[in-house]
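Before any comments, here is the structure.
The values are calculated or read from the model by the stated rules, or taken from the named source; none is laboratory data. Just so you know, these numbers come straight off a predicted model, no measurement behind them. Note that we place each Cβ from the backbone using ideal geometry, even for glycine, and neighbour counts take in every protein chain shown.
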Amino acid sequence: MQSFYPIRAKVLLVAALFSGLGVQAQVLTSKQIDSVAEKTLSTFNVPGVAVAVIKDGKIIHSKGYGIRSIKTNLKVDENTLFGVASNTKAMTAASLGMLVDEKKITWDTKVTDVIPEFKLYDPFVTNEFTVRDLLTHRSGLGLGAGDLMIWPDSSTVDKKQLIHNLRYLKPVSSFRTKYDYDNLLYIVAGEVVARISGMTYDEFIENRIFKPLGMTKTAASWYRLKDKSNVIDGHAPYEDKLLPVGLSFGEIANAAGGVYSNVTDMSKWITAMINGGKYGDNLDKRLFSAAVAKELWTPQTLINNGNPASFSSYGLGWFLSSVNGNFQATHTGGLSGIVTQVTILPELKLGIIVLTNQQSGAAFNSITNSIKDGYLGIKGMNRIKTYNDNRLRNEKEAKEIVDKTWADIAASQKAAGAKPEAKNYYGTFNDDWFGQVTISEVNGKMHFRAKNAPKLRGDMTYYKGNTFIVKWYDRSLDADAFVNFSLDNEGKPNGFKMTAISPLTDFSFDFQDLDFKLINIK
């Protein structure tokens, strides 16, 4: 895979650091972190990354590597701003904790007491749903349910519509019985912050978290940054190249993943978390109480991690687990072309922050775990090789699936026999929560256009039976999909459902939750 960042000679030191089971595990020096970071850039084709390590209340490493964008080649430094994505969720949970401290709400306040129009598919669940439930991924909704209202972009769905549309999302499990990650309920949590505090969610976190901690460059969203002179572009891999990508969603989703920050500012936030909400030169100030700090890191929803010897759970805005007998609080974040990771081992007073401008989770895991191994006494691990081997295997399997699909299409185009007329499928179709899709002829081709998601436009090709493939114009999405039409008694299309082709398609493309019905034939 082509690299947009040169391999320097010192990255070869990594092989010596991590080869052989007999190597003595040790805490990495800053120079060794440099080597790991630069090797990671080249291995995973990541243009830029920023890394910070906090230990015993001090920032012992804070540095940028590579470039902000392949369009500018400007260097990343410790002040370069990245979208932290879902690492925003911990800030949203902390914001609600502040309101709990002020006795304006409790964790178990009913959401309908704050947002009367809040309504889910099941009336019982609606009536019982609490502030705590907004944060714990146990609503009964499926993975990423409804994300297509905000992802990959949305020009027309506003927060009022989003909250209204929640009632159309059908659950896939019983309430409070199963972990399934969601984003939309964190948006609702941000609306709770706004209605209880009397200020917008953005104003609240900027004034109540960023300002006290001295996070002077950080903002609740890209749109609210005062200075955009040192901000990354996101990048997505496509056919062994990188494509610069734009923003993932609008400001309605800020409480789920809007914050832009750098490792300098994020280190202040993580230090406050390690200190149980305390900050200041003498730790004489508090963002939130010790009771709230404890609740944020108390397991709320169990996660099946396949290992009965260790626990894995979700707290309030944090993933919680044990690593070599040490309690760990962590979170990742992902936007189009951006992934990030924050890791805290509070018993060791250790925090690790990795921000990247390419969507390779293998990259941030390689850096985080290489650093963490030294503090945990884990020996003989070549994290970069392990994660790269897994990545290459997954990409190979996904490519085989996608290539077979397109080979089948090519074969069906050549095969003799009747094929359905594309024009028979033209019309306007509607899904209750996603809105309208128009299937029509554009430039002589069958064309798919989503009204509320401008990036979801592409040409359609016949596949098999009543199934077509939609190939998005924006190739950075990696989300081409099957479109399977249903027929009425006369054999005419009256609706369709969708499924992503590649197993690596981001879960926020929740095509499987859509159920389109014909509303107009053209």
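Tallying residues that are part of a loop (DSSP other than H, G, I, E, B), within 24 Å of His331 (Cβ to Cβ) and not hydroxyl-bearing (Ser, Thr, Tyr) within segment 117-153 yields 15. Looking across segment 233-257 at every residue that is in a loop (DSSP other than H, G, I, E, B) and among the charged types (D, E, K, R), the one that is nearest to Val157 (Cα to Cα) is identified as Asp233. Farther than 27 Å from Arg393 by Cα, in the same structural domain as Gly257 (by TED's automatic domain parsing), touching a residue at least 24 places away in the same chain (Cβ under 8 Å) and buried (at least 23 other Cβ atoms within 10 Å of the Cβ): does that describe Gly57? The answer is no for Gly57. So is Thr156 part of a loop (DSSP other than H, G, I, E, B), within 17 Å of Asp431 (Cβ to Cβ) and in the same structural domain as Phe319 (by TED's automatic domain parsing) or not? Yes. Listed by position, the strands (runs of 3 or more DSSP E) contained in segment 440-488 that have at least 1 residues being surrounded by fewer than 17 Cβ atoms within 10 Å (Cβ to Cβ), of a type outside the set (D, E, K, R) and in contact (Cβ under 8 Å) with a residue 12 or more places away in the chain are 467-472, 481-487.
Residues of segment 489-522 that are in a loop (DSSP other than H, G, I, E, B), of a type in the set (Phe, Trp, Tyr) and more than 19 Å from the chain's Cα centre (by Cα): none at all.
In segment 196-232, of all residues being part of a helix (DSSP H, G or I) and among the polar types (S, T, N, Q), the one that is nearest to Lys159 (Cα to Cα) corresponds to Ser197.
Checking segment 276-298 against the condition returns no match, with no residue being among the hydroxyl-bearing types (Ser, Thr, Tyr), within 28 Å of Phe175 (Cβ to Cβ) and either crowded, with 18+ Cβ neighbours inside 10 Å or in contact (Cβ under 8 Å) with a residue 60 or more places away in the chain (or both). As a summary of the residue check, Tyr425 satisfies the conditions (1) free of Cβ contacts under 8 Å to residues at least 60 places away in the same chain; (2) more than 24 Å from Pro152 (Cα to Cα) except for the one numbered (1).
Return the residues of segment 167-191 that are under 23 Å from Met498 (Cα atoms), assigned to a helix (DSSP H, G or I) and without any contact (Cβ under 8 Å) to a residue 60 or more places away in the chain; say none if nothing qualifies. Result: Arg167, single match.
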